[in-house]
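All remarks here apply to the structure that follows.
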Protein chains: 2
Amino acid sequence: MVNFSPKLDVSLDPPLPKTRNEGLVIRKYGGSSLATPEMVNEVADEVAAIAEAGDRVVLVVSAMGDSTDRLIDLAGKFAEPPAPRELDQLMATGEQVSAAVLAMALTERGIEAVSLSGDQAGIEVAGEPGAATIVRVDPGKIAARLRDARVVVVAGFQGRDADGELLTLGRGGSDTTAVALAAALGGSECEIRTDVHGVRTADPRIVRDTRVVRTISYDAMVELAGLGARVLHPRSVELARRHGVAVRVTHASDPGPSTVVTAGEASMEDVPRVIGIAHERDVRLVRVEVSASGPDHYARVLATLAACGVRPDNLSWPDPGELRFTVRGTEPLGLPIARLAMELDARSTVFEDLGSVSVVGTALLDPPGFLPGLLRVLADHRVTVPAMTTSPSRLTAVIPADAVDMTVRALHDSFGLAVDRP
Amino acid sequence: MVNFSPKLDVSLDPPLPKTRNEGLVIRKYGGSSLATPEMVNEVADEVAAIAEAGDRVVLVVSAMGDSTDRLIDLAGKFAEPPAPRELDQLMATGEQVSAAVLAMALTERGIEAVSLSGDQAGIEVAGEPGAATIVRVDPGKIAARLRDARVVVVAGFQGRDADGELLTLGRGGSDTTAVALAAALGGSECEIRTDVHGVRTADPRIVRDTRVVRTISYDAMVELAGLGARVLHPRSVELARRHGVAVRVTHASDPGPSTVVTAGEASMEDVPRVIGIAHERDVRLVRVEVSASGPDHYARVLATLAACGVRPDNLSWPDPGELRFTVRGTEPLGLPIARLAMELDARSTVFEDLGSVSVVGTALLDPPGFLPGLLRVLADHRVTVPAMTTSPSRLTAVIPADAVDMTVRALHDSFGLAVDRP
């Protein structure tokens, strides 16, 4: 299996504090929680209460509601597509506006608050416009502000590179900013306020009686997020794992259960268990037959695919000379297949109209394991399975797209996920 | 006469180039020239033509049309008044958006262009939020960009202070940014594209047949700007004077005559001439009688006025123990007058419903001078004149507010300003 492996790092300078910084709340609010001035004022009320209770607060904010879309629309009036560097310069203002108005709202409530752009917050990034990664956070910048202000509001999704260029982080960028700040400042936990209660045992649009997962390991979260739960972007989870930051996902306005993503509670660490059922639609299965087998040939196939922007998933080589993988989405595959034929004399076959279901959990393959249970459900429901891959934390079956909903429900039921456990 | 003396400086590091930078166009577009996406695209067409002809271009832009008002409205939804620092963080995004979209539009036309915030452009400022002044421009930042890009678009009205704080420059800030960049980069001229054709010989709302002044000295421009022409803010003119930058004011969309503000052409330098007629409404005349005369007492009066935020204009002391000055605007004067009475035992009288007319020009008092002509017009029209002040570049008469329009017309006609001269 090819895991999504985000290239992220936080080089801490000075190094990570030895003791966790208690009394410091690090919290991110997504754009859906800041969609209107009224919602911003509600967030300000909530944060003011924390600050008044004595904690210092570092907030990371996304752009307000649809302002990102409005900025993209504006850009479209001048260029199609806009120059990536300039799109970044433009987009970064969305988060800066959110940060400034939230700091205003807090100041209005008598709370000393300052807003900072990613640059002002000491977030150093590298990479290309729209897809930068955080390479370093200077914790001194925010720490200095926290000596005077009770709340520091940081514009998420952005930073400054070594040449002074402003760059945005791309998808999941604000979550990643929050986790990076928690790591750099030694916060014990990073809270993500969003529009869901946390991670569920399956997609509630498919399964009626889903449950919020109370704790989940970083690894299992990456599997879930990459497959469909989309509560946290895998890159932010990966960063949290590296720096041991616990991430709590909570609904912004509706109190209730929440999910903590962490290294795992000691007592549960080795207990095999199913956490949830993930799924994917718009999956295609590609079979590539090369004239000569061997790792070298496979590597050349993968290089050609990467050059065409194709990201293979669920990779396997069932027979010598054959590579099999899935591709998500609906992007045409004509060009990569033509290049594979021309450059490597490879014949490719694409199977369309597929989806996938995945059982995600811990130690799934430890005996007796959960694979027999998965196979039994598939067989009982006469689901054809053109491909399957397994790992200790994920068992994935590629199935017809029109069987996805039914299979997710059957698996959720079969593994008893709706019942709360102690 | 008390001149408006803006505290502005550009410390150049490295120092001002010895030779002017030919082939470098430095131009500012005001918000009214960037009010709609269509207007931004028109500006992009115009600038692309210059860049294609071979020149490098540094643009300074204001926020698009009403976006500044919209940001102020947004701020009003969170705080009244908003924290000044946060208002600056918010307002600065307006110019950053303009700069980014204009750079996009240029890139779309095949012109290499980059946008820069004031900070990225190396503009160092000092002072308070909303009222910062430029203390230094690092020309290396823009010069480095001009090696790759034909056009650099700089967000006006902003900079970064020594502590890394983002600050805006307040009124006239974008004009001042443009002049500061011209000084720092050694541009031979700074062009201001705005919604007027330049400086006129009088207010066209009062006088029908005004003429655009082709050249005007820095000093005369300050007199005009401070009095009512309001084409360029005095602070930008003062900065241009200090660094010998010629400023050309041109209508952004309607070609035609323009005004160049400069040290003066050699051949005209010593020729006495009237440039235009300025005027002011909402003027009050204040007469302060102090118990003891002398510079020390006058100084105490002025200190008390300054402490109350009163800026005296057209100051004179006609008799021992009496100080006379005008105050613009409609702010109540009760507090300063009460303090003058309490602290200095001074009796004050305020004359309301006044205005002023000023003959602005060069060497106005050289014999035979223009004062007789001014006095004749006032006498012919039976205008009462409660106060008058003169300087070589300005002759000002305080007159009843309801006589302002008629007197401006009479003076414009009497000094032959409507006729174009060679």
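Per-residue answers, yes or no, for (1) of a type in the set (A, V, I, L, M, F, W, C); (2) open to solvent by less than 30 Å² (accessible area, probe 1.4 Å); (3) modelled with pLDDT under 90:
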site	(1), (2), (3)
B:Leu232	yes, yes, yes
B:Arg242	no, no, yes
B:Ala246	yes, yes, no
B:Gly264	no, no, yes
B:Glu269	no, no, yes
B:Ile277	yes, yes, no
B:Val286	yes, yes, no
Within segment A:351-366, can one find any residue that is closer than 30 Å to A:Ser291 by Cα, at pLDDT below 90 and surrounded by 15 or more Cβ atoms within 10 Å (Cβ to Cβ)? no
Looking at A:Val359, A:Val286, which is the one that is under 30 Å from A:Glu189 (Cα atoms), of a type in the set (A, V, I, L, M) and in the same structural domain as A:Pro400 (by TED's automatic domain parsing)? A:Val359
Could you tell me how many of the residues in segment B:62-87 are surrounded by fewer than 24 Cβ atoms within 10 Å (Cβ to Cβ), at the interface with another protein chain (Cβ under 9 Å from one of its Cβ atoms) and in a helix (DSSP H, G or I)? 5
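Quick check, is A:Glu95 more than 9 Å from chain B (Cβ to nearest Cβ) and not in a loop (DSSP other than H, G, I, E, B)? First the steps, then the outcome.
Numbers: more than 9 Å from chain B (Cβ to nearest Cβ): yes; not in a loop (DSSP other than H, G, I, E, B): yes.
Judged against the criteria, A:Glu95 is a match.
Got at least one residue in segment A:298-306 being of a type outside the set (A, V, I, L, M, F, W, C), open to solvent by 70 Å² or more (accessible area, probe 1.4 Å) and closer than 24 Å to A:Asp282 by Cβ? If you could, list the steps in order and put the result at the bottom.
Here is the first cut: in segment A:298-306, the residues of a type outside the set (A, V, I, L, M, F, W, C) are A:298, A:300, A:304.
If we keep only those that are open to solvent by 70 Å² or more (accessible area, probe 1.4 Å) too, we end up with A:300.
Those left that are additionally closer than 24 Å to A:Asp282 by Cβ: none.
No.
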Give segment A:199-220 a look and list any residue that's open to solvent by less than 10 Å² (accessible area, probe 1.4 Å) and modelled with pLDDT under 85, or say none. A:Ala220
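State the number of residues belonging to segment B:101-135 that are within 7 Å of chain A (Cβ to nearest Cβ), open to solvent by less than 10 Å² (accessible area, probe 1.4 Å) and either among the charged types (D, E, K, R) or without any contact (Cβ under 8 Å) to a residue 40 or more places away in the chain (or both). Show your work before the answer.
First, the residues of segment B:101-135 that are within 7 Å of chain A (Cβ to nearest Cβ): B:101, B:103-105, B:107-108, B:114-115, B:120.
Now drop any that are not open to solvent by less than 10 Å² (accessible area, probe 1.4 Å), which leaves B:101, B:103-105, B:115.
If we keep only those that are either among the charged types (D, E, K, R) or without any contact (Cβ under 8 Å) to a residue 40 or more places away in the chain (or both) too, we end up with B:104.
Residues flagged as within 7 Å of chain A (Cβ to nearest Cβ), open to solvent by less than 10 Å² (accessible area, probe 1.4 Å) and either among the charged types (D, E, K, R) or without any contact (Cβ under 8 Å) to a residue 40 or more places away in the chain (or both) within segment B:101-135 amount to 1.
Considering segment A:401-419 alone, what residues qualify as being in contact with a Lys or Arg (Cβ under 7 Å, 6 or more places away or on another chain) and open to solvent by 10 Å² or more (accessible area, probe 1.4 Å)? Outline the logic, then answer.
Within segment A:401-419, the first condition is being in contact with a Lys or Arg (Cβ under 7 Å, 6 or more places away or on another chain), and the residues that meet it are A:401, A:404, A:417-418.
Passing the criteria: A:Ala401, A:Ala418.
Can you tell me which residue in segment A:44-54 is farthest from A:Val231 (Cα to Cα), limited to those that are away from every other protein chain (no Cβ under 11 Å) and either touching a residue at least 40 places away in the same chain (Cβ under 8 Å) or open to solvent by less than 20 Å² (accessible area, probe 1.4 Å) (or both)?
Just the residues of segment A:44-54 that are away from every other protein chain (no Cβ under 11 Å), to begin with: A:45-54.
Next, from what is left, pick out any that are either touching a residue at least 40 places away in the same chain (Cβ under 8 Å) or open to solvent by less than 20 Å² (accessible area, probe 1.4 Å) (or both): A:45, A:47-48, A:51-52.
Values: A:Asp45: 25, A:Val47: 22, A:Ala48: 26, A:Ala51: 27, A:Glu52: 30 Å.
Among those that are away from every other protein chain (no Cβ under 11 Å) and either touching a residue at least 40 places away in the same chain (Cβ under 8 Å) or open to solvent by less than 20 Å² (accessible area, probe 1.4 Å) (or both), it is A:Glu52.
Does B:Arg85 meet the test of being under 30 Å from A:Thr107 (Cα atoms), assigned by TED's automatic domain parsing to the domain that holds B:His233 and modelled with pLDDT of 95 or more? Full working, then the answer.
Details: under 30 Å from A:Thr107 (Cα atoms): yes; assigned by TED's automatic domain parsing to the domain that holds B:His233: yes; modelled with pLDDT of 95 or more: yes.
Considered against the rule, which asks whether it is under 30 Å from A:Thr107 (Cα atoms), assigned by TED's automatic domain parsing to the domain that holds B:His233 and modelled with pLDDT of 95 or more, B:Arg85 comes out as yes.
The values are calculated or read from the model by the stated rules, or taken from the named source; none is laboratory data. Just so it is clear, the model here is predicted, and its values are computed rather than measured. Positions of Cβ are generated from backbone atoms using ideal geometry, with glycine treated the same way; all protein chains shown enter the neighbour counts. SASA here: full protein model, heavy atoms, side chains in, ligands and nucleic acids out. Shrake-Rupley method; radii C 1.70, N 1.55, O 1.52, S 1.80 Å.
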